[in-house]
Amino acid sequence: MSRRFEDDGKSVEEARFAAQRLAFGPLMFQATRALQRFGVLGLAKNRGRSGVSAVEVEAAIEPLSLYASRQLLEAGLAAELFVLRGEQFVLTTVGYLLLTDPMTRANTDFVADVCYEGMAKLGDSLLSGKPEGLSVFGEHRTVYDALVDLPEPVRQSWFAFDHFYSSGVFAAALPIVFDPKPKTILELGGNTGKWERACCEYDADVQLTMLDLPGQLQTAEENFRTWGIADRVTSHPVDFLDPSVPFPEGHDVLWLSQFLDCFAEPVIVNILERCGQAMGPESRLYILEAYWDQQEHTAAQFCIINLSLYFAALANGTSKMMHSDRMRDCIRQAGLELVGEPTSIGMSHTLMRVRVPAS
């Protein structure tokens, strides 16, 4: 074989197998979803080291024929969800994680319900700079405009994915943001308002303002009333893509959590410029993001890089998960400066503190 490639240490046979896993990846994914949906993985988990046979699956799961049971079990074997012991299919660690690991569940549901069909238009999106795959859910400019109208379970899976990766780091972020104690916090892009709730529970005095699209604010305002914090949160509708719209001034802290990765870099710079215009000399701006170059675990880097493809095909057609150096460059272009070194928090996030340079 001609060596016109980087030697990654794999044998030719190992590399060929890896290539076939990519070729048949969509089929394996759908088989995995069927194994979950019909309860075959759950049945195998309950049977433990005894495993299950195709005959036992047919008997235990009424809708499945012997043919269907064999199909699914053998596909699970190829996907490394099972190992074969005689005629018994025994669940592997991979299969167990698909059933029990919250991150794997959030990722799998998100890909299946939100991404799968629309990703067929990834190539078109890369050429046009528009989220062409979003058309499977109707005509919308971005996924954020579509959130109110997304059908179930698409909407539920989108929010479950978003909340898993954002809400999980609030506990680690709150002591940082509240030292020193702010009186007022402005959040850009708050979705359902979970950050506002976390802040109100953390500090009895803080007042918050949330900026977002009108549809998102409607959902958040309903939540604020349910949570009993409506008198402490002011909502402010805004189209972030309109560069002429200023942000409210006079806040001690500006909070941008998994927000800037939703925009192209020129728009990020513009948003940060408007943040700078709304900040006073003592204001603190916090940027919470997951950068693919800052990941300790290979699995996290893999997930984050793949998430960029969702942004291209479905979210907006222009943004991606960033390298941390790209964010540093956007901060500099916006005339702001990083304070100290970024802080790693949660599973995969980095918190950057930014300020207006002293004149």
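Read-outs throughout are calculated quantities, based only on the coordinates presented, and are distinct from any laboratory measurement. Bear in mind the structure is a predicted one, so any value in this text is a computation, not a measurement. Here the Cβ positions follow ideal geometry from the backbone for every residue, glycine too, while neighbour counts run over all protein chains shown.
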So, of the residues in the stretch 83-101 that are of a type outside the set (A, V, I, L, M) and out of contact with any strand residue (DSSP E or B) (no Cβ under 8 Å at 6 or more places or on another chain), which turns out to be farthest from L73 (Cα to Cα)? D101
Quick one: which residue in E74, E58 is surrounded by 14 or more Cβ atoms within 10 Å (Cβ to Cβ), within 32 Å of the chain's Cα centre (by Cα) and either on the phi > 0 side of the Ramachandran plot or without any contact (Cβ under 8 Å) to a residue 12 or more places away in the chain (or both)? E74
Tally, over the stretch 310-333, of residues that are under 30 Å from E132 (Cβ atoms) and either buried (at least 18 other Cβ atoms within 10 Å of the Cβ) or in contact with a Ser or Thr (Cβ under 7 Å, 6 or more places away or on another chain) (or both): 16
Do you know which residues across the stretch 9-31 are out of contact with any helix residue (DSSP H, G or I) (no Cβ under 7 Å at 6 or more places or on another chain) and within 16 Å of Y96 (Cα to Cα)? F29
Cβ-Cβ distance below 8 Å, separation of 6 or more or different chains: which pairs start in the stretch 91-102 with a residue that is over 12 Å from T32 (Cβ atoms) and end on one that is among the small types (G, A, S) and surrounded by 13 or more Cβ atoms within 10 Å (Cβ to Cβ)? L91/A44; L91/G51
I'm told S283 meets every condition in (1) surrounded by fewer than 20 Cβ atoms within 10 Å (Cβ to Cβ); (2) over 30 Å from S128 (Cα atoms) except one. Can you identify the failing condition by its number? (1)
Cβ-Cβ below 8 Å, separation at least six or inter-chain, first residue in the stretch 129-156 and at positive phi, second surrounded by 15 or more Cβ atoms within 10 Å (Cβ to Cβ): which pairs? G129/G317; G129/T318; G138/A146
Quick one: is T298 under 23 Å from the mean Cα position of the chain (by Cα), surrounded by fewer than 15 Cβ atoms within 10 Å (Cβ to Cβ) and among the polar types (S, T, N, Q)? yes
Kindly evaluate I268 against the criterion of being more than 21 Å from L208 (Cα to Cα) and in contact with a helix residue (DSSP H, G or I) (Cβ under 7 Å, 6 or more places away or on another chain). yes
